[in-house]
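What follows is a short report on a single structure.
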Amino acid sequence: SIYQSDPAETVYRCDVLCEGLVNSIADIRINDVPIADVTGCSVSTYLGTASQVVDSRFSDRVIGLRNLAYLALTLQTSDKLRGGFPVVTCTIQGMQVETWNGLIWGTTKVYSDNPAACIRDLIINIRYGIGLSKTLLDESSFGEVYDYSNVLVSDGQSSTEKRYTINYSIDNKRPAVDILSDLLAVCGGFLIWSGNRLKLRTEKVENTVQNFTMDNIVEKSFSYQYVPKDTMINRAKLQYIDPTQNYTKVYALAEDAVDQDSRSNIEGGSGIVEREISLLGVTKFSRASRLANLFLKIAKATP
């Protein structure tokens with residue numbers, strides 16, 4: 001909140017949410033009660049356009065607010081709202097980005113929770129992103145990950161869901177490379193330079209592109225080592241955000257019980273070697289569980 005009028009039975013308040021343009025603002029609540037159910041309270045939403053004005057509730061006290069998504073609130077004392085500084089929450093469909101149509105990336109921006117579209121937008125955006133030129137991107141590789149993320153898979157409850165989606169708030173005080181790492185992890189993604197272009201790839205089964213043998217490795221140019229067995233994980237504990245539990249941080253587990261039993265018999269103790277992974281762009285248990293299993297299997301397959 002950047003402004004609240006002086007204490008009275010009715011106060012006016014301005015809550016800036018983020019940089020716009022966002023797609024929508026919905027489910028606005030005061031102390032977890034829908035605002036429509038609180039007598040005397042009302043709200044106007046502003047999506048962060050370049051031409052929007054300051055709401056009349058506080059236009060004599062607040063200036064600017066263009067390109068910022070915000071709420072203009074009227075809060076009135078009632079049985080459901082008594083004094084203090086009430087907590088206001090809402091659900092935002094965020095930034096509008098360019099999307100893939102199966103052949104090319106369109107220039108018209110729309111809301112999307114596809115990880116490839118959001119990653120690409122962060123990389124090319126000159127206002128809040130990295131500002132890389134589109135000419136340096138291998139656009140088809142980003143499109144492949146876009147399509148792969150949209151494939152419907154089982155949600156473990158007799159229905160289907162998109163393989164990967166992303167729900168993430170960018171904190172502009174953090175380094176861009178850290179934000180990018182968070183976005184990539186949501187879809188098992190990684191970036192590589194190839195042919196003077198930046199390619200987006202994701203962890204999945206693909207055809208072999210190079211076989212290394214003693215005949216084609218330049219002597220002393222290649223080396224490898226194994227991860228020590230006592231550090232190889234057999235439990236992945238993935239932290240994510242659960243909207244059904246008031247957007248708190250919770251965990252999904254993936255375990256290799258056979259390996260745990262084997263180690264406990266040989267080495268004593270529980271036999272559990274755990275790694276905690278934080279993926280706060282994930283907001284659904286079924287997706288978090290699949291990613292935990294993916295990371296556990298990658299650790300076992302690439303020792």
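The values are calculated or read from the model by the stated rules, or taken from the named source; none is laboratory data. Computed from a predicted structure; not experimentally measured. Ideal geometry is used to build each Cβ from the backbone, glycine not excepted, and the neighbour counts take in all protein chains shown. Remember, those area values only see protein heavy atoms, side chains included, never the ligands or the DNA or RNA. Shrake-Rupley method; radii C 1.70, N 1.55, O 1.52, S 1.80 Å.
Between Leu68, Pro34, Asn23, the Cα set farthest toward the positive side of the dipole of the chain (charges on each charged residue's Cβ, about the Cα centre) is that of Leu68. Evaluated with a Cβ-only charge set (Lys, Arg +1; Asp, Glu -1), the stretch 245-293 carries a dipole of roughly 440 debye about its Cα centre, given to the nearest 20. What's the longest piece of the chain with no exposed trypsin sites (Lys or Arg not before Pro), counting a site as exposed if DSSP puts it in a loop and it has at most 16 other beta carbons within 10 Å? Excluding the exposed sites themselves, the longest stretch runs over 221-303. The GNM of the chain, with springs linking C-alpha atoms under 10 angstrom apart, assigns the highest mean-square fluctuation among Ala69, Ala236, Ala257 to Ala257.
Protein heavy-atom surface of the chain, 1.4 angstrom probe: 51% of the accessible area is carbon and sulfur, with nucleic acids and ligands not counted. When the chain is treated as a GNM with alpha-carbon contacts under 10 Å, the residue of Asp215, Asp242, Asp55 showing the greatest mean-square fluctuation is Asp215. Result for the chain in a Gaussian network model with C-alpha springs under 10 Å: among Phe285, Phe142, Phe85, the largest mean-square fluctuation is at Phe85.
Report, in listed order, any pair from Lys173/Lys284; Lys249/Lys284; Lys80/Lys249; Lys204/Lys237; Lys162/Lys284 with a Cα-Cα distance greater than 23 Å. Beyond 23 Å: Lys173/Lys284; Lys80/Lys249.
Any idea how far the Cα center of the stretch 137-189 sits from the one of the stretch 219-297, in Å? What the calculation gives is 19 Å, centre to centre. A simple spin-label model places pseudo-atoms 7 Å from Cα toward Cβ; at Glu267 and Lys134 they are separated by 5.1 nm. Taking the charge dipole of the stretch 228-303 about its Cα centre, with +1 at Lys and Arg Cβ atoms and -1 at Asp and Glu Cβ atoms, the residue from Pro228, Ala292, Leu279 reaching farthest to the positive side is Leu279.
Of the chymotrypsin sites (Phe, Trp or Tyr not before Pro) in the stretch 145-244, which ones lie in a loop per DSSP and count no more than 13 other C-beta atoms within 10 Å?
Values: sites: Tyr146, Tyr148, Tyr164, Tyr168, Phe190, Trp193, Phe212, Phe222, Tyr224, Tyr226, Tyr240; in loops: Tyr164, Tyr168, Phe212, Phe222, Tyr224, Tyr226.
Those satisfying the criteria are Phe212, Phe222, Tyr224, Tyr226.
Where both bridge residues fall in the stretch 214-303, DSSP classifies roughly 60% of the beta bridges as antiparallel.
Between Val258 and Ile126, the FRET efficiency estimated from the beta carbon spacing at R0 = 35 angstrom works out to 0.10. Give me the number: length gained by fully extending Ser181 to Ser194, i.e. 0.36 nm times residue separation minus the C-alpha to C-alpha distance, one decimal in nm. That pair, Ser181 and Ser194, stretches by 2.8 nm at full extension. With a cut-off of 11 Å on the backbone N, the residues of the stretch 209-245 near the modelled label site 7 Å out from Glu276 along Cα-Cβ are 237-239.
The distance between label points at Gln76 and Lys249 comes to 4.1 nm (points 7 Å beyond Cα on the Cα→Cβ vector). The C-alpha atoms of the chain occupy a region whose extents along the principal axes are 79, 52, 37 Å, arranged from largest to smallest.
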